[in-house]
Every structure is written in C-alpha cells, then in structure tokens.
2 protein chains.
Amino acid sequence: MNIIISRELSIPIYMQITQQIREAIFNGELPAGYRLLPERKLAEQLGVNRSTVLNAYVELKSEGLIESFVGKGTVVLPLNSADAPAASTQLPGYSTPPWRQLFSERSFSAGDPLIRDLLSLSKRNDSISFSVALPDPGPKLTVKLREQLQLLMQEKSDSLWKHTATEGIHSLREAICMWMEKRGIHAAAEEVLILSGSQQGIDLLTRVFIDPGDIIFVEEPSYFSAMQSFRSAGARLMGIPADTDGQMRLDILESMLAKYHPKLIYVLPTFQNPSGLVMNQDVRERLLELAYRYKTIIVEDDPYCDLRYSGHHVPPIHAMDRHDHVIYLSTFSKLIGSGLRMGWLSAPKSVIRQLAIAKQMADLHTSTLSQFLMERMIRSGLLEEHLNDMRNRYHRRKQLMVAALHKYEVPGMTWQEPEGGVFIWCRMPAGLNANELMLRAADRGVDYLPGNPFFAQVPQTAYVRLNFSCAEEDSIDEGIRRFVLAVHDTMDARRYHQTGNRTEGLDPII
Amino acid sequence: MNIIISRELSIPIYMQITQQIREAIFNGELPAGYRLLPERKLAEQLGVNRSTVLNAYVELKSEGLIESFVGKGTVVLPLNSADAPAASTQLPGYSTPPWRQLFSERSFSAGDPLIRDLLSLSKRNDSISFSVALPDPGPKLTVKLREQLQLLMQEKSDSLWKHTATEGIHSLREAICMWMEKRGIHAAAEEVLILSGSQQGIDLLTRVFIDPGDIIFVEEPSYFSAMQSFRSAGARLMGIPADTDGQMRLDILESMLAKYHPKLIYVLPTFQNPSGLVMNQDVRERLLELAYRYKTIIVEDDPYCDLRYSGHHVPPIHAMDRHDHVIYLSTFSKLIGSGLRMGWLSAPKSVIRQLAIAKQMADLHTSTLSQFLMERMIRSGLLEEHLNDMRNRYHRRKQLMVAALHKYEVPGMTWQEPEGGVFIWCRMPAGLNANELMLRAADRGVDYLPGNPFFAQVPQTAYVRLNFSCAEEDSIDEGIRRFVLAVHDTMDARRYHQTGNRTEGLDPII
C-alpha cells in the first residue's frame, strides 16, 4: 500500500498513518493475516520518528484492527466473522462479532477524538502541561474536605449511601441558591438541578432540546466538548464571530437569528473557554434582548465565574433575565476537583422537570456523599475561604505566564491578558500551523491545546490555548520558554519546506 | 369540557383527568386565564376522591400548564408567548418561552412516567412499601464503610478529589475482575468499564448500539427502565415469551432471530426483574449458541447474582461465552446503596473503548471517592462479609413474605417462590386489574409495582411485583394482609360495577 503523509495538514502524522491503514483494512486492500512492516522499517520508509509509527499501531490495536504476536510480527485481524480463522479456543464456525459494524451512527458522529489523541501523545514524557484545565486547589483544601467528611460521617451516618431524588438533595439545592445569590442570581431550590458534573448538564440539554437538524449558535471560538455533544445529537452548529476586542458581533447575530431561528444560543460569557475573555455587560443585555425578540433560548455556561483576579464582577446573563430565557450551568469541579462530579443547572421549573426525566435515564441521581459534602462546604463558609486562597494562587500563576510571554516574545504572536479564569488564548504568527507546533512542543517537553477544535465551522489553525492553573509556579517560565522554542523550530522547518527541494508535503511510499 | 373517566382502564383515574385537561389546554378548548373548577367541586361531579383531583392538578401545575392564585382559584396559564399577559415584572411584549414546544422529540419518546407518578401517589401516607427495590444493607455496613473511608482519607488524601480516567481507576477495575472470578467470569481490567450506576450502562449501550428502528429482543416480562432507555433512542422492542416454568421459549426466539435480526438480546438471567426467576444453565447455553449462530449480541444485566439464598449458583452467560458475544452489566447499588452510584460493565476491549467515548460525553468519569471506597471494600474482604449478613436478612424477609402469602391466600392468585433476588411476581386472579388494585392498595396503606410496564409489547394488567428486601421484618405480614384486603376490595368493586346500574365505567361530566 501507499502511505502518503503531509506535514502541512492539520492532522498529526501518526493519525495520517492510522487513517490510511484503517481504510486499507476496511476496503480489503490489507486482508486478515496481512503482516504489516515492523515499526522501525515503516518509520524509515516514511522518514518519520519510530514513535510516530508506534503511536499509529497502538491506535489500530486499540481499535481491534491489528495485533502483534511474538515471532510473527504485527498482522491485520479479521474484520468480520465470515473471514475469521477458527482459533483453538473457539467453536468451529463461530467468531467474535464485527463490533465496529454494530455501533450506532450516533456513536461516530461526535467528531474526531483529536484532543484525546493529542493528550495521550503528550503524556509520554515529563512535559510541562498547559493543556487540560483541571483545578489545582492546593493542599489546604484537602484538610478542609477531610474535616467536613468526618463531621458528615458522624451526622449523616447511613444516609450517605442512600438514594436521593433525581433532582438532588433539597437542602443542597437551597445552598446552591445562596451561592448563586453572590453572583447576582435569584433562584428557588426547585429551579436547580444537581448534576454529576457540568458535562452532564451539556449532555442532558442535548437530549432534551436537540432534534437532528436543529441549529445551535455558538461563539466563535467556543468550548469544543459542548460542541461535540451537540453534534453527536445531529445539531448544526453556527459560529457567531467576535470583533477585535473579542466581543460578539451582535449585528451578525441578529441577521442570523432572523434567518436561522436557532433552538439555542450557547455562550460562555465569563472568562470564556478558550479565549479567557469576558462579555461586556452591555453586550450581555443586548444579547438577552435579542433572545427575547427572536424567542430563542440562551444556554449560559459559567464554570469560571468565581475565578476573577482583577476588574469588576459582571453579573451572569441569568441574573439579568426577566423572562426565563436563560438556562444556567455551573460546576464545583473547577473549584474543588473533578473527582467530586458535581455541577448544577438553574432553569425554570418546567425545564428542570424535563431534564430530571432525562437524568433519571442517564444515572438516576448524583453521588449522595458528594452532594452532602458540597452542601457542608457552602454552608460552613469554607468554600468561600478556599476560593480566596485559590484566586491568589491562580492569579500568581497568571502573572508568571504573562511575564514569561513578554520575556520570550514571539514576533507576530498576539494575545490579551485575561482578568480571571484559567486560559490565555494566543494567535500565532501568520502561516504557523498550531497542530504541527503541537508535535514540536511535545518534543520540547511542553503541551497545550491547539485552537482548531474550538471553532464551530472552519477550523482555524492559527490559535493556541494555554492553561495557567495546573502547572507548578516554578515551571511556568520554563514551559513558556520551551513553547517559544517550539514555535521557532516550527518556523524554521517551514522555511526549510518552502526552500528545500522536496515535493511539498507529499511523500509517496510503498 | 367533558371529562370522561373509566374505572376499567389500566390508567389511574387522576391520570385520566390530567390527560384530558392537558389535551383541552393544548387544543385551545381551555384558553389561558380559564378558571378550572375547585378540586372539591370537580371531585363531586366526577364521583371521585378529592385527592384524585388534587393529584391531577398537582401534575398539571408541575407541567406549567395551570397555576393556583389566592382569591382567583386555579387558572390555565398561557401556552405560548403570543398569548402571554405582560406581567408587571416583564418587559412589555415579551414572555417566557413556550418550553414544551422546544423540547426534542426524543425527550418525549421514553414512554410515560407511569411508575414515577404511581410512586409519588404511594408516598403520601405511612404505607408499607413493596415497590422500589432499593437495598436495605443494615446497620453493620455503615460502620464498615465509615472505617474504610477513614483509612482512605489517610492513605489517599488529596487524590480522592482528583480526576480519574473515564474508564475508571485501574486498580478498581482489577479488583472487579477478582470479584467477577467468584461468579465464574474471567476478564482483564481493560475489559471493564466503571459506571456511575448500572443505569448508566444501559444508557451508554443505548447510545453506542441503537440507531432508530433497531430491533431489541427482551424477555417478556423485562426490566421497564432498560426498555424505557431503548425506546427513547427509537428502538423497536420485541418480547420473547416464557414457558410455564418461566424459561425463555427458545423455539420462538430462534424463529424470531431468523426473521428480525435484532441488534441486541437483553436478558436478566439471574433472579430476574420482575419475575425473580433464574434461567436454567441449559437455556443459557442454548441462548448463547443462538447468539453465535445468528451473529447477535447478548446484553446480560446481572444486578442480583450475589443474592442467592438457596439452590446452586448458575454461572452468568458471560462466563460461558467463548466468542465475545456477551456484554455484561452489574452493580454495587444493590449491595451497598444507590447513593454510591457505582456499577460496571464487562465487554471486549473494542466495545469498552467506544463506550468510554460515550461516557466521556455523559459525565467524564465516575466519582473518585466512590471508586476508591469500593476498591477497598472488595480487597479487604468486607464486601463478602457484608454480603453474608445481607443474604441472611433478605432470606428471612423472603420467608416472611412467602409465609404471609400462604396465610392470606387469594384464590386464583399464582406465584413461584424465588431462590434469591428481591422479588415475588404474582399473577392475579382472572379479570382483576392490577392498576385499579394499585389505587385500592394505596388506600389500604401498602404499595407495590403493577406488572404492565414490564411488558415490551401488549401491557398485561394481570401481574404484580412485590419486593421483599426493603420492608421491615415485622411489617411484612401486615403489608401482605393489607395487600390481600385491597385485592378483595377490588374484586368486590368489580362485582358492583358488573351488577350495578351505572353506565359501565363511563361518566360524562361537564
């Protein structure tokens, strides 16, 4: 077979190899039993690192398409039962099912697992991570949580392990209303649904609101994981662009509203993922007014509201809403830890009811212990105390990253300093491919997320999302140094490609 | 409007009232602002209890269709924004969105919330409950869990709150393999997916395998909650009947396999929900053989495997499978408590991988603390110890229920004594409607589940599912006494209907 790789594509090379071998297996070009080239040999032929081929083979193995046998090498497995050799442990004539052909269409429609693949790539060495936005709550929190858990075990004893209502424990729902008051939101406990993490909120909204073909407006860029969920239900995503200050273009929004009548407008107005920016109060008000006028719903995803380090609090759109047009999502995962699996959603009662029916089918209810623990953290004031500590630490990390970005300046790279949240969003110098950069950064020992999965329509490879909340303080400067070195590596390689005598990015191979 | 109620229908009367008022609101017969009759008055007109009408109004309120105002009574709310009155807190011209019209088709396709409605009905008094199959693990377990949690807090400290892999913590997956060994199943950790409760397993299987129109075979009867999930994805369910011993009719299965090529066969072979019966080893083997021959997948749902009180262990179908045709689901919810939200699934690696992608979209991963705690419970041997205790208590409760059913014998009612699990499944005397019985049982202060939602195709109203694991030992005899009284009430009322001079079940009312 011919494997053709292109270094100009936005797809990492190991994935290009994976895709082409996979296709050759599916179309019968590589039949069951076919022996693939050893990794080292294929790597030589393709002029790539051995680890790149290794990655491709690992991927194909995990898909059940190939397998390595001692003494025999790596061979193609039978695709479906008709071709299966009768192994000694199997009854003659029978074989394992052709799983891939049994999976639903929906299970393939979520989009490509690019980010997961890229992350697994970056986990191989002692790299400095600016990629995943997991919280780093600090050692003091552990002590607080332990104390509260002790008290809980004394007070609640066996009710910690019991069933709760699908909507959540009522007293926790009340405590969350108190918490939302600080953000300017007035809601009743019955307007709150407890979630097993805010990802579940996205998932339930997808189930309850999205029929195939429904249109959803998102900011451009927007949170890729939410877009992935919407897409998996067959939604059509349309991105609303921003002006040069990162503010949503309301003129474009309005003309698109008039034309497309979306089911939902999904926004992250505060310290957006990925841009880190805040939507102005004025834009929020006008966006809400447009939602009223065009009778559409706003889904406001607000995980970072409490992480402001400078400037003034801008109330959530939900707080301004007088006609119940906003469904509000938030989470404790970004404050305490993802392990807790606790988020919430605030919406009118009739919406909560429909979402609760969907939640009942999804997981019955959220972990009882997590619910009780979070209630105690809010009511005791410990969550607020912890937040002050966390904000100080995150603020320092942000300042360190900003300082490093100034210190190792890249000509042509632009970014805006955020007032809170956990991201800095960089636009790379013209012509630099952020996915290629990703691989070079991995070589240099630093990882981040490339910007393209954050775009709803045409992927833009000019952006990079840097997270500053997870890396240790004393590694941030070094991480940015490595990142900037990788930028230079990539620009140098590009010049080589442009001036060299190789066929531009096309390497035909046996 | 005319409200017509029928006492012969399988639908409780309050739901009949709800449905008709709802329809009248939707078709405009009852416009916004229309004042409904006071509960007492409507109850008089219909010749029903006031609480029946109260229930109907509560339902309609929760759907956002009506509202009660002091001094004004109960009025119909505006259905959609165009009709909405401008309340003083609202901007002129705007109103709340017509939510019901925005919900997806899928969100209505799960089937009716009958059971939820019936349960809320039964929760109003101090009734003895034979309905929901929640575990009653006993006081000793609480102490064990507390000790393990203490140890966990010392050992794991802050990792209790951190992110885990979507597939689950690897050492827990290994511990679950050890646990499955006791059941005769040999699996590797990579063939195990940790679930946030086994309901999530059903949900993920639905996402990954079901396209609209796919056919799923289920036992007749089968677990209604699984059927509800399958239906919500547009699956077509077909029930495979049982012979008089409760064993699946394999001859019928085979002819249906040849004709319909189902995507999955969903079975609960051990202490089935609702029948409490066990599929013979011979039937299991032949079922598996048919799955091989017709290249279809068996989903084996096995929550009650460890709850055997007499007779011999029959290995799960998964344990007999030599060609990876079985996806196996189980849970700790029935042993420890639903609050933990922990179940697992065992399947070939390629299936685990696809399910993990779906799980990532559903809730990222399962509660970290629940995972660590469960691992400790298995590895320390405490789970096994607890199970012995639990089996003793459940066994006693089963014996008490069996004794009471003999003592208060109902002529014509038949049932089979189960060797384990938590259910006794009763076939009622000919002509007795189990849903009507349900309401009369609620009046007598006992609740159970009616059998009809457990049938995939034609609902059968002749069955009743009694759960014996939740009620206190000293209340079981009294509960069965009340149940049998309700049976007599219903039979008496039926005779009245048949011999009385009222129009048979039809009561036209203004």
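Given the residues B:Q247, B:Q228, which is the only one that is at pLDDT 95 or above and not β-branched (V, I, T)?
From the options B:Q247, B:Q228, the qualifying one is B:Q247.
Against the conditions (1) buried (at least 24 other Cβ atoms within 10 Å of the Cβ); (2) in contact with a Gly (Cβ under 8 Å, 6 or more places away or on another chain); (3) within 14 Å of chain A (Cβ to nearest Cβ), where does B:Y304 fall short? Just the number, please.
All conditions pass for B:Y304, except number (3).
So the check is Cβ under 7 Å with 6+ separation or different chains; which pairs have a first residue in region B:57-80 that's part of a helix (DSSP H, G or I) and at pLDDT 85 or above and a second one that's surrounded by 15 or more Cβ atoms within 10 Å (Cβ to Cβ) and not β-branched (V, I, T)?
As it stands, the answer is B:Y57/B:E39; B:L60/B:R22, since those pairs meet every condition given.
From the list A:E44, A:E29, which residue is part of a helix (DSSP H, G or I), more than 24 Å from B:E190 (Cα to Cα) and free of Cβ contacts under 8 Å to residues at least 40 places away in the same chain?
Being part of a helix (DSSP H, G or I), more than 24 Å from B:E190 (Cα to Cα) and free of Cβ contacts under 8 Å to residues at least 40 places away in the same chain holds for just one of A:E44, A:E29, which is A:E44.
Out of all the residues in region B:414-454, which are under 19 Å from B:N467 (Cβ atoms) and surrounded by fewer than 17 Cβ atoms within 10 Å (Cβ to Cβ)?
Answer for region B:414-454, where residues must be under 19 Å from B:N467 (Cβ atoms) and surrounded by fewer than 17 Cβ atoms within 10 Å (Cβ to Cβ): B:T414, B:Q416, B:E417.
Checking A:L373 against (1) out of contact with any Lys or Arg (no Cβ under 8 Å at 6 or more places or on another chain); (2) free of Cβ contacts under 8 Å to residues at least 40 places away in the same chain, which single condition isn't satisfied?
Going through the list (1) out of contact with any Lys or Arg (no Cβ under 8 Å at 6 or more places or on another chain); (2) free of Cβ contacts under 8 Å to residues at least 40 places away in the same chain, A:L373 breaks only (2).
Go through (1) of a type outside the set (D, E, K, R); (2) touching a residue at least 24 places away in the same chain (Cβ under 8 Å); (3) surrounded by 23 or more Cβ atoms within 10 Å (Cβ to Cβ); (4) part of a helix (DSSP H, G or I) and name the single condition A:G339 misses.
(2)
Go through region B:461-491 and give me each residue that's free of Cβ contacts under 8 Å to residues at least 40 places away in the same chain and in contact with a helix residue (DSSP H, G or I) (Cβ under 8 Å, 6 or more places away or on another chain).
B:A462, B:V464
Any residue in region B:140-154 that's more than 7 Å from chain A (Cβ to nearest Cβ) and without any contact (Cβ under 8 Å) to a residue 12 or more places away in the chain: show its pairings with residues that are in a helix (DSSP H, G or I) and among the aliphatic types (A, V, I, L, M) at Cβ separation under 9 Å, as long as the two are six or more apart or on different chains.
From region B:140-154, the pairs are B:E147/B:L382; B:Q150/A:M153.
Assess whether A:L152 counts as being outside any loop (DSSP other than H, G, I, E, B) and out of contact with any Phe, Trp or Tyr (no Cβ under 8 Å at 6 or more places or on another chain).
For A:L152, the condition - outside any loop (DSSP other than H, G, I, E, B) and out of contact with any Phe, Trp or Tyr (no Cβ under 8 Å at 6 or more places or on another chain) - is not met.
Taking strands (runs of 3 or more DSSP E) that fall entirely within region B:174-268, which contain at least 2 residues that are within 23 Å of B:D363 (Cβ to Cβ), among the hydrophobic types (A, V, I, L, M, F, W, C) and not assigned by TED's automatic domain parsing to the domain that holds B:A133?
Per the criteria, B:192-195.
Can you find a residue that is basic (K, R), farther than 29 Å from A:S232 by Cα and part of a helix (DSSP H, G or I) anywhere in region B:291-298?
Within region B:291-298 (the criterion being basic (K, R), farther than 29 Å from A:S232 by Cα and part of a helix (DSSP H, G or I)), the answer is yes, since at least one residue qualifies.
Would you confirm, using the coordinates I've provided, whether A:S222 is away from chain B (no Cβ under 14 Å) and within 30 Å of B:K359 (Cα to Cα)?
Here the answer is yes, as A:S222 does meet what is asked.
Among the residues of region B:157-172, write down those that are surrounded by 16 or more Cβ atoms within 10 Å (Cβ to Cβ) and free of Cβ contacts under 8 Å to residues at least 60 places away in the same chain.
Hit for region B:157-172 is B:D158, nothing else.
Output the number of the condition that A:A404 fails; it satisfies all remaining conditions of (1) farther than 30 Å from B:T96 by Cα; (2) modelled with pLDDT of 95 or more; (3) surrounded by 24 or more Cβ atoms within 10 Å (Cβ to Cβ).
Condition not satisfied by A:A404: (3).
Which ones in region B:429-455 are more than 22 Å from B:S475 (Cα to Cα) and outside any helix (DSSP H, G or I)?
B:P429, B:A430, B:G431, B:L432, B:N433, B:G451, B:F455
Filter region B:421-444 for residues that are at positive phi and under 21 Å from the mean Cα position of the chain (by Cα) and give the result.
B:G421
Which of the residues that make up region B:460-475 are touching a Phe, Trp or Tyr at 6+ places or on another chain (Cβ under 8 Å) and either surrounded by 24 or more Cβ atoms within 10 Å (Cβ to Cβ) or part of a loop (DSSP other than H, G, I, E, B) (or both)?
B:V464, B:R465, B:L466, B:N467, B:F468, B:S469, B:C470, B:A471
For region A:382-400, indicate whether the set of residues that are surrounded by 15 or more Cβ atoms within 10 Å (Cβ to Cβ) and at the interface with another protein chain (Cβ under 10 Å from one of its Cβ atoms) is non-empty.
no
Residues in region A:313-333: is at least one at the interface with chain B (Cβ under 10 Å from one of its Cβ atoms), on the phi > 0 side of the Ramachandran plot and touching a Gly at 6+ places or on another chain (Cβ under 7 Å)?
no
So, of the residues in region A:342-351 that are buried (at least 24 other Cβ atoms within 10 Å of the Cβ) and facing another protein chain (nearest Cβ under 10 Å), which turns out to be farthest from the chain's Cα centre (by Cα)?
A:V351
Does A:R482 satisfy the criteria of being within 28 Å of A:P135 (Cβ to Cβ) and more than 21 Å from the chain's Cα centre (by Cα)?
When the stated conditions are applied, A:R482 passes them.
The values are calculated or read from the model by the stated rules, or taken from the named source; none is laboratory data. All values reported here derive from a predicted model rather than from experimental measurement. Positions of Cβ are generated from backbone atoms using ideal geometry, with glycine treated the same way; all protein chains shown enter the neighbour counts.
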